[in-house]
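> Okay, handing you the structure first.
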Amino acid sequence: MSDDNKKKVEEPDFEKLARSTAPSKFNKFVTLILVAICVVLAAFIIYRMMTTASDTPVQSTVQDTVISSVNVSAEPAAIRDFSRISRFNGEVRRSGDSIAVYPDITSSGVVTQILVSRGDAINAGDTVAYVDPSRPGASYKASPVVAKASGIVNDIPVAVGQTVTASQPIITVAGTSELVVEAEISEKFLGTIAEGMPATMESVAYPGRIYTGTLTYIAPTVDSTTRSSDIEIALTGDTTGLKEGMYIRLNLETEHINNALIVPDSALDTYLGNDIVYLADNGTAKRTIVTVGSSNGVDTVITSGLSEGDMVITAGNVTDGTAISVVNQEN
């Protein structure tokens, strides 16, 4: 082979090589996207730098203060009388014992008439029923049953046509003594009540009508099954509408403390097993450990840890050191 032919064979085809190494359309598209992303990022960074530079230090401080301050409600710890009211169920009764009225017969007889109804007022000497003590075949002889005392008929345990004996009561009469309210009180309250304590009552028959009374009797024993004692409330004031046997809701003051340091229950919280309150102290919440006493569901007695006039936070989500703004402070 001649030298000229060798040169022709070995000489590279530069036009073909250029076509093979030219970038494809896909590579151009990717490159354009990357460039666009870089431009957007650069514009965003420049915008943020310009915005930050335009904010003054005073504006930043005010903004931070608004964000970190918490609106709270607060009121002072106060010294006043504390009262705890407990609710019991009771029943209206008469203070006198019931008296049974018996037939005046020697052995037995049949009740032929009953002249009274439950709730009737009767006087001593009134005839309340008739009993026929005669035997079959004998002449009819009605025997009157006469009340021995005045009062209100509260039970008629027999019926017309019933055979009764001389020892069986025909009616029972409640004395005309004053109405009282009888109730049972748990033994845990016995150390906090005493005769003479005031009471208020409500009847389900008259919603909203309040009756008043005074604790006049505390039973000397405790029922071993119910762990409760009987008490009696003498009604005072207007008793209109009350009837013997009525169900009563009884509100009795079971604890009273004079000149106690009191805070609202809403001010109390716990921290690491301790009872605490948060004080509003010069724009900051200050955690304070306290010792609590009795509570009535609204107020709680504080026995140590606070002084009269300390502003306790009653509403607001705070912790120790939180910056606060008191929005409805009560003096």
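The values are calculated or read from the model by the stated rules, or taken from the named source; none is laboratory data. As the structure is a computational prediction, the values presented were derived from the model and not from experiment. Methodologically, a virtual Cβ is constructed for each residue, glycine included, from the backbone with ideal geometry; neighbour enumeration extends over all protein chains shown.
> (1) surrounded by 16 or more Cβ atoms within 10 Å (Cβ to Cβ); (2) of a type in the set (S, T, N, Q); (3) touching a Ser or Thr at 6+ places or on another chain (Cβ under 8 Å); (4) modelled with pLDDT of 90 or more: which one isn't true of T254, the others all being true?
(4)
> Please go through the stretch 95-121 and give me each residue that is in a strand (DSSP E or B), farther than 29 Å from L179 by Cα and of a type in the set (A, V, I, L, M, F, W, C), ordered by number. Walk me through how you get there before you give the answer.
Looking only at the stretch 95-121, we keep the residues that are in a strand (DSSP E or B), and these are 98-101, 108-114, 121.
Now narrow it down to the ones that are farther than 29 Å from L179 by Cα: 108-113.
If the condition is that a residue be in a strand (DSSP E or B), farther than 29 Å from L179 by Cα and of a type in the set (A, V, I, L, M, F, W, C), then V110, V111 are the ones that fit.
> Sticking with this one: Is it fair to say K141 is outside the structural domain of V222 (by TED's automatic domain parsing) and over 29 Å from G237 (Cβ atoms)? Before the answer, list the steps.
Values: outside the structural domain of V222 (by TED's automatic domain parsing): yes; over 29 Å from G237 (Cβ atoms): yes.
Taking the combined requirement at face value, the residue satisfies it.
> Is it the case that Y211 is at pLDDT 90 or above and closer than 19 Å to E91 by Cβ? Give the steps one after another, and end with the answer.
Working: at pLDDT 90 or above: yes; closer than 19 Å to E91 by Cβ: yes.
Yes: the conditions hold for Y211.
Conditions tested, residue by residue: (1) at positive phi; (2) crowded, with 18+ Cβ neighbours inside 10 Å; (3) modelled with pLDDT of 90 or more.
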residue: V111; (1), (2), (3): no, yes, yes
residue: A138; (1), (2), (3): no, no, no
residue: A147; (1), (2), (3): no, yes, no
residue: D155; (1), (2), (3): no, no, no
residue: V160; (1), (2), (3): no, no, yes
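> Right, something else. So how many residues does the stretch 285-314 have that are buried (at least 17 other Cβ atoms within 10 Å of the Cβ), touching a residue at least 60 places away in the same chain (Cβ under 8 Å) and among the charged types (D, E, K, R)?
The qualifying residues number 2.
> Turning to a different aspect of this structure: Residues of the stretch 204-222 being part of a strand (DSSP E or B) and surrounded by 13 or more Cβ atoms within 10 Å (Cβ to Cβ), which ones? Reasoning before the result, please.
Residues of the stretch 204-222 that are part of a strand (DSSP E or B), as a first pass: 210-218.
Within the stretch 204-222, Y211, T212, G213, T214, L215, T216, Y217, I218 qualify.
Conditions tested, residue by residue: (1) modelled with pLDDT under 75; (2) under 30 Å from M197 (Cβ atoms).
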| site | (1), (2) |
| --- | --- |
| T21 | yes, no |
| K25 | yes, no |
| L41 | no, no |
| D55 | yes, no |
| V66 | yes, no |
| A74 | no, no |
| R94 | no, yes |
| A100 | no, no |
